[in-house]
Structures are given as structure tokens and as C-alpha cells.
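The values are calculated or read from the model by the stated rules, or taken from the named source; none is laboratory data. This is a predicted model, so every value here is computed, not measured. All Cβ positions, even for glycine, are placed from backbone atoms using ideal geometry, and neighbour counts span all protein chains on display. With ligands, DNA and RNA removed, areas are computed over all heavy atoms of the protein, side chains included. Shrake-Rupley method; radii C 1.70, N 1.55, O 1.52, S 1.80 Å.
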Amino acid sequence: MALMAAEVLAGRLSDPRTVIGDVRWYLADPDQGRVEYYRGHLPGARFVDLDTDLSGTEGPGRHPLPSVDAFTRALGRMGISPDHTVVAYDASGGAIAARLWWMLDSIGHRSVFVLDGGFQAWVEAGLPLTTAVPRTSPVDYPPSQGWRGVVNGDQVRSFLGRRPILDARSEDRYRGENEVVDPRAGHIPTARAAFFGKNLTPEGRFLPPESLRLRYRALGVGESDAAVAYCGSGVTACHNLLALRLAGYFGHLYEGSWSDWSSRPDPLVATGPCPGDAPA
């Protein structure tokens, strides 16, 4: 399982092999997560910045992946080695924490989890918070050969009508009714509306694996071909990739996602509630 319950994590706070990553981040105010971290965080948690630690400065879309070397250097600065168990949390149902989970999993890190229910679950369980920033000793995280499970826009275009494509954005953005971030409104033709929030219970925990399996089966995911997950910029798509993993499926991340697709010179775009047809 790639999830850890708050009570289980509480029992591991004194374990030096467990590292907690606070990945709180908000689209409307990217600095808010860091402010919240300094106001109170889980004991021992390091702050992990989506914009600097989990994104690069060059590449497709608004949050391109950093080079693997840059990412492993960031892990080393945070004192994270391959021997550590990493537990990521946010205050957004795992929408941002799943990006750290996916990146570590992609380079082969053996033990990485998302805190189920996130910051809210920890607080609701009456568990402690602190404002103390942990001291970390830098380590060398060994190099990795590259990201696994990543596809680009050209590959996605070749998959239209051949593989399930899942859009993790809100359904109004999928339909093209409310696009305020990217150049064009709508979705990739043949993509299914797969809002990441529907992976969760009303309490903000992930649905049980069988419920997730039924959800993704209904979205066209099968046993043979890996699904392609995208969102606005390749962040919340990782939430669907985590849910797919919990359901027993496998998926690929479209790194640039809609921010890349909608910026292409002549993008294929569908609008409305239906997936639309693949080009002839």
C-alpha cells in the first residue's frame, strides 16, 4: 500500500529512518503552504516546495519535472537517502503530496507513502504539531537513470483512441467552461473526466481499493494498456496515478499536461461533457 494512516505515522515519529515531507501548496497563493508550515507542522517534517524542489525551470508546461539529478540533489539536501521511508502530506486530499510520492516511486525509491487524509486527519486525531524546524544533515542520494512512466505530447497524440486518457482537473475545466490559467479551454479529445477529488471519501480519505477499481474500470481502464493521466500542469494527475496504483492498475504521467497541450501550435481540443472522437 502507498498510503499510511495518521495513527501509524504517529508511532514512527521517533524512527530515524522515517522522513516526513510537508508538501502544502495552493494554486491561488503558492507561498501559502510555506507560511502554514511555519505556523505549525507535523513533528520532524521538512518543507518540500512544489515550485523549487518538485519542478524544473525548463520543460513542457507550468510545472515541468526537474532533471533527475536536480531532484536527487534536493533529496540529499533534505537528508533523504534511499534507505529512508518517506511520508508526504498536504492539506488538499493528497493532491500535491502525490507528486512527491510519484517522483520518488518513478526513480525507484522503495518506501514512500502519502498520509491518508493529510494534515486534517492528523489534527482530527488529536496528534501533535510543532513550529520547530528540524535540523537535517545532507546526504548523497545516488543518481538514477531517469524518470520512468512519463509521456510527452506527441506520444499522447499517438495514443488517442488507443489508450484510456484521464483528465484530473475539475469537471468545469474539463468541459471548457472555466479556464483561467491555460491558453485554451477544453480537454484532450477522447480523454475522460476523472476529477481527482472523486478518489476520496467525504472525509478526505482515499476510497477503498475495490471502489477505486470500479471507478477506473468505468472510465475505460483495463488490464492491458497503461492509462495516461494529465491535469493542468502534471501535479494532480499524480493523485490519479496513486489511485490507479491502489486499484491495481498502472498509468503514465503526461508531464506537461493541459498547460503543454493547449500551448501547442495546433492543439486538438474537445469541449463539453463528452470525451470527443480521435482524429481520423
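Per atom type, the stretch 1-77 shows carbon and sulfur on 51% of its accessible surface, probed at 1.4 Å. Give, in nm to one decimal, the length gained when the segment between residue 250 and residue 38 is fully stretched (0.36 nm per residue of separation minus the Cα-Cα distance). Contour length minus the Cα-Cα distance gives 72.7 nm. Accessible surface computed residue by residue for the stretch 1-112, with neighbouring protein chains in place and a 1.4 Å probe, gives 39 Å² per residue. Applying the Karplus relation 6.51 cos²θ - 1.76 cosθ + 1.60 with θ = phi - 60° to the stretch 116-130 yields 3J(HN,Hα) values of 5, x, x, 4, 5, 5, 5, 5, 5, 7, x, 8, x, 10, 8 Hz, where x marks Gly and Pro.
Near residue 65, the amide H atoms lying under 5 Å from its own belong to 56; only residues 5 or more places off or on other chains count, and H is placed 1.01 Å from N. Proximity of backbone amide H atoms, modeled 1.01 Å from N, is registered between residue 117 and 206 at under 5 Å, excluding neighbours fewer than 5 places apart on the same chain.
Quick one: accessible area per residue over the stretch 142-231, 1.4 Å probe, rounded to a whole number of Å²?
That works out to 49 Å² per residue.
Think of the stretch 33-135 as a dipole: +1 on every Lys or Arg Cβ, -1 on every Asp or Glu Cβ, centred on the Cα centre; then among 107, 71, 119, 71 lies furthest on the positive end. Axis angle, to the nearest 10 degrees, between helix 237-247 and the longest C-alpha principal axis of the chain: 80 degrees. First compute the accessible area of the stretch 183-234 with a 1.4 Å probe, then give the percent of it belonging to carbon and sulfur atoms. Answer for the stretch 183-234 is 55 percent, counting heavy atoms of protein chains only. In the chain, excluding the sites themselves, the longest stretch lacking any of the trypsin sites (Lys or Arg not before Pro) that are in a DSSP loop with at most 15 other Cβ atoms within 10 Å is 185-280. Diffusion coefficient (Stokes-Einstein, Kirkwood radius over C-alpha pairs, 37 °C, 0.692 mPa s) for the stretch 147-280: 225 µm²/s, rounded to a whole number. Given the alternatives (i) 1.05; (ii) 0.98; (iii) 1.12, Cα Rg over 2.2 N^0.38 Å as computed for this entry is given by (ii).
Beta bridges from DSSP with both residues in the chain: antiparallel share about 10 percent, rounded to the nearest 5. Please compute the contact order of the stretch 1-102 in relative form: average sequence separation of alpha-carbon pairs under 8 Å and at least six residues apart, divided by the residue count, as a percent. Averaging sequence separation for qualifying contacts and normalising by length gives 33 percent for the stretch 1-102.
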